[in-house]
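The values are calculated or read from the model by the stated rules, or taken from the named source; none is laboratory data. Just so you know, these numbers come straight off a predicted model, no measurement behind them. So basically every Cβ, Gly included, is an ideal-geometry build from the backbone, and we count neighbours across all protein chains shown.
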Amino acid sequence: MNRLNKIFTIFLLFVSVAFAQNGTKKFTIEEIYGSMKFMGKSLRGVQWIAGGEKFTYLETDTSTRTTDIWVYNIKNKKRNVFLKASELKLEDSDKPFSIMNYSFSPNERYILFTGMLPARALKSGGVIYIYDLKEKRFSEIETSGSTMNVKFSEDGTKLGYVTKDNIYVYDLSSQTERQLTHDGNGVILNGHFDWVYEEEFSIIDGWQFSPDGNEIAFWRLDQSPVPEIEIQQFDSLYFNSIKMRYPKAGDKNSIVKIGVIELKSGLTTWMDSGNETDVYIPRIRWTENPGVLSITRMNRLQNKLELLFADSKSGKSKVIYTDTDSCWVDVEDANLIFLKDRKHFLITSERSGYKHFYLYDLNGKMIRQITKGNWEVTSLSSFDEKNQVIYFISGMNDPTLRHLYKIKLNGKGLERITKDDGNNSINFSPNSKYFIRSFSNINSVTKIQLESSDGKLIEVLVDNEQLKNTLEEYAFAPPEFLSFSTSDGVQLNAMIIKPKDFDPSKKYPVLVYNYSGPGSQIVRNAWQGGQYLWYQMLAQEGYIIFMLDNRGTGGRGKSFKNIVYKNLGHWEVNDQIEGAKYLITLPYVDGERIGIWGWSYGGYISALTIMEGNEYFKSAVAVASVTDWKFYDTIYTERYMSTPQLNPDGYERGSILNKVDKLKGKLLLIHGTADDNVHFQNTVVLVEELVKANKQFQVMFYPGKNHGISGGKTREQLFTMITNFIRENL
């Protein structure tokens, strides 16, 4: 479900100027989804080098259609070509390399590339491409198969990677490949993850070099207990199917072990992660202490998180830190930092009711809570250990915003660095002296700028004047942020877009957009890309657009989220109905013409709302929807619902399938047949129940499309269909 949360959280980048909103042109779906007209420039592939005094990035030459690496020198503010694509040629090829991604070795001698040479046939297996900056030589490393999770050792002398579910290491000096694990076979996975770990713990890379480069820590997943499903394909005469392991709520998961390989001997030592195998290990990380590996362990219900320290030689471990919650504990990635003093670690927890930073010693004793208050830390941006300063993002005082703050490790000196109201994304240099700031708000176009750590401007890096000028030609209706009180006294944040030529004496139809899932937020003062332009198009046609963050969503503390535990669907629908009740009180809203739409979790709530809230909602569009939580995966579903065995009533209450008799309005169901996330099964079974109940509805399926339903003309066709449905039914 994490992919869903990302589909519609697209924030373009801005700094200082908003575009004028006095244009007259009308948006079209063809322009929004079928062209590149509203695509702005960005800064791609940023890599900090020279200790943070320079950074490199990718830039495409439109005349030659080749992508080069450029470098920006902060001291003199000069940009130069660092490495041209034309230099990346092999002896037996005269065609330039197509750079897609790249990374430097820690010693900055080599560049590792992922990309391709046009029409190049491989001799066997797969190929890794390396450029030696010292010798100015581009070469290929032929491997035993296609590779993933490729990276350098800390000393830059070795490469490690995963091939055919096993871990390999390649010595750059001797040019030899060595296989380290041997049992990977499609069911056993070494160094990478099964579907559910990758999706719900947001983790792909399943192995790590130790800081001294002498050991490799890795995950081993045994998928044999996990049920196998088939996703039907319709691209051949007798059909095809894709097989995958997918554990649905209550089913068995992969059995996970953590191993450490000593590279000299090739021997693997298994870390003691406890006797219970029905657990999750969502994170591992080497500490600053030699031979000590940290292991994050969670119980099956995900309401207890433990941090273990394991000795890489013996495998012996001990629990250092424990975090519990009455509902669930969220797994954080970047918010665990081991200090170079080898005595402390920094971690975030919601134990106070809000996510804050805590400092612990390596024996598990809490030294202090660093940040405090009825507000949340969103994420860690940088930790300047030399100056004992933490830089972090927070929606302090206003959850619709995201600002950069700093605070000292001793809990003093809290200060906001960014000033413009909106949402910030920060990429700090490794020396914490500079950051690349990506900022947007709901009425602004893209800019990207370089700043010093105190927020002073160094230079605007990308100026999207062309996009700004293009948007100025169109009629925009500025959104309004508001809050309202529910009938039981809870304040909810919302956003409304009124038609450009709004007349308060008229009655307007309303389209409600929702995502609604636990921890999500859609009411954000941030530019929201193509979907926002589509809303502007509908506003030009006389529709009001409305969205709210219901109970269960993020940015407002743990109790605001926890209320949905074991009861998904109830409070989300309750608050969408409360939103409709609020809208009806507005003199310019036509209470007989309120519709709702959403994708994935938002599709689930849209379909559920038109049934439970049939007095308030006339129509609904549900895209790629869960229809019963028994059909969704273990990690996401059980985090919020417990298991079907422990919470049968909650699963029954949250199912759309037993509420089809309540449908009165117009319902459009949309799904991709190859959706490996929310399976097509969800919509098929709902259709079956609707037919049994003799309910009329519309349905559209997209052959071979996954959860994002995109590619070619697909998005243009999809949003044309949704728009026509709205026009006909609102």
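Miscellaneous remarks
- Being touching a residue at least 24 places away in the same chain (Cβ under 8 Å), assigned to a loop (DSSP other than H, G, I, E, B), surrounded by fewer than 20 Cβ atoms within 10 Å (Cβ to Cβ) and touching a strand residue (DSSP E or B) at 6+ places or on another chain (Cβ under 8 Å) is a condition met by no residue of region 384-398.
- Some residue of region 93-105 being out of contact with any Pro (no Cβ under 8 Å at 6 or more places or on another chain), surrounded by 16 or more Cβ atoms within 10 Å (Cβ to Cβ), of a type in the set (S, T, N, Q) and in a loop (DSSP other than H, G, I, E, B): yes
- From the list Ile497, Ile448, Ile458, Ile442, the one residue that fits, being of a type outside the set (Ser, Thr, Tyr), surrounded by fewer than 20 Cβ atoms within 10 Å (Cβ to Cβ) and in contact (Cβ under 8 Å) with a residue 12 or more places away in the chain, is Ile458.
- So Asp649, is it surrounded by fewer than 16 Cβ atoms within 10 Å (Cβ to Cβ), acidic (Asp, Glu) and more than 18 Å from Phe631 (Cβ to Cβ): no
- For beta carbons closer than 9 Å, sequence separation of 6+ or different chains, a first residue in region 340-357 that is under 18 Å from Tyr391 (Cβ atoms) and a second that is among the polar types (S, T, N, Q) and surrounded by fewer than 16 Cβ atoms within 10 Å (Cβ to Cβ), the qualifying pairs are His356/Gln369; Phe357/Gln369.
- Of the numbered criteria (1) closer than 16 Å to Val279 by Cα; (2) free of Cβ contacts under 8 Å to residues at least 40 places away in the same chain, the one Arg300 fails is (2).
- Among the candidates Leu669, Leu686, Leu718, residue that is assigned to a strand (DSSP E or B) and either surrounded by 19 or more Cβ atoms within 10 Å (Cβ to Cβ) or in contact with a Leu (Cβ under 6 Å, 6 or more places away or on another chain) (or both): Leu669
- Of residues in region 60-114 being among the acidic types (Asp, Glu) and free of Cβ contacts under 8 Å to residues at least 40 places away in the same chain, the one farthest from Glu459 (Cα to Cα): Asp92
- Looking only at region 214-236, and only at residues there that are at pLDDT 95 or above and either assigned to a loop (DSSP other than H, G, I, E, B) or among the small types (Gly, Ala, Ser) (or both), the one that is farthest from the chain's Cα centre (by Cα): Asn214
- Looking only at region 538-584, and only at residues there that are part of a loop (DSSP other than H, G, I, E, B) and of a type in the set (Gly, Ala, Ser), the one that is surrounded by the fewest Cβ atoms within 10 Å (Cβ to Cβ): Gly542
- Assessment of region 341-352 against the conditions (surrounded by fewer than 17 Cβ atoms within 10 Å (Cβ to Cβ), modelled with pLDDT under 95 and not polar (S, T, N, Q)) yields no matching residue.
- Contacts under 9 angstrom Cβ, first residue in region 586-604 being assigned to a loop (DSSP other than H, G, I, E, B), partner among the charged types (D, E, K, R), 6 or more apart: Pro587/Lys507; Tyr588/Lys498; Tyr588/Asp503; Tyr588/Lys506; Tyr588/Lys507; Ser600/Arg3
- Within region 469-480, residues that are in contact (Cβ under 8 Å) with a residue 12 or more places away in the chain have Cβ atoms under 6 Å from residues that are surrounded by 15 or more Cβ atoms within 10 Å (Cβ to Cβ) and among the charged types (D, E, K, R) in these pairs: Ala475/Lys500; Ala477/Lys498; Ala477/Lys500, counting only partners at least 6 apart in sequence or on another chain.
- Scan of region 624-660 for residues that are farther than 19 Å from Arg300 by Cβ and either in contact with a Cys (Cβ under 8 Å, 6 or more places away or on another chain) or of a type in the set (Asp, Glu) (or both), ordered by number: Asp628, Asp649, Glu652
- Members of region 493-527 found to be closer than 23 Å to Val626 by Cβ and assigned to a loop (DSSP other than H, G, I, E, B), listed by number: Asn514, Tyr515, Ser516, Gly517, Pro518, Gly519, Ser520, Gln521, Ile522, Val523
- Residues in region 406-435 that are more than 24 Å from Asn73 (Cβ to Cβ), assigned to a strand (DSSP E or B) and either of a type in the set (D, E, K, R) or in contact (Cβ under 8 Å) with a residue 60 or more places away in the chain (or both): Lys406, Lys408, Glu415, Arg416, Asn423.
- For region 312-330, taking the residues that are part of a strand (DSSP E or B) and surrounded by 17 or more Cβ atoms within 10 Å (Cβ to Cβ), the one that is nearest to the chain's Cα centre (by Cα) is identified as Asp323.
- Apart from one condition, Thr64 fits all of (1) β-branched (Val, Ile, Thr); (2) surrounded by fewer than 17 Cβ atoms within 10 Å (Cβ to Cβ); (3) over 26 Å from Gly422 (Cβ atoms); (4) modelled with pLDDT of 85 or more; the exception is (4).
- Filter pass, Pro478 being surrounded by fewer than 22 Cβ atoms within 10 Å (Cβ to Cβ), in a loop (DSSP other than H, G, I, E, B) and modelled with pLDDT of 95 or more: no
- Test: residue in region 664-679 that is touching a strand residue (DSSP E or B) at 6+ places or on another chain (Cβ under 7 Å), among the basic types (Lys, Arg) and on the phi < 0 side of the Ramachandran plot: yes
- The listed residues are Thr296, Thr269, and the only one of them that is assigned to a strand (DSSP E or B), surrounded by fewer than 20 Cβ atoms within 10 Å (Cβ to Cβ) and polar (S, T, N, Q) turns out to be Thr269.
- Restricting region 605-645 to residues that are hydrophobic (A, V, I, L, M, F, W, C) and part of a strand (DSSP E or B) leaves a set whose member that is surrounded by the most Cβ atoms within 10 Å (Cβ to Cβ) is Ala622.
- Region 141-169, residues that are surrounded by fewer than 20 Cβ atoms within 10 Å (Cβ to Cβ), touching a residue at least 24 places away in the same chain (Cβ under 8 Å) and not hydrophobic (A, V, I, L, M, F, W, C): Ser144, Asn149, Lys151, Glu154, Asp155, Gly156, Thr157
- Considering region 437-475, the residues that are within 30 Å of Ala580 (Cα to Cα), within 25 Å of the chain's Cα centre (by Cα) and small (Gly, Ala, Ser) include one that is modelled with the lowest pLDDT, namely Ser444.
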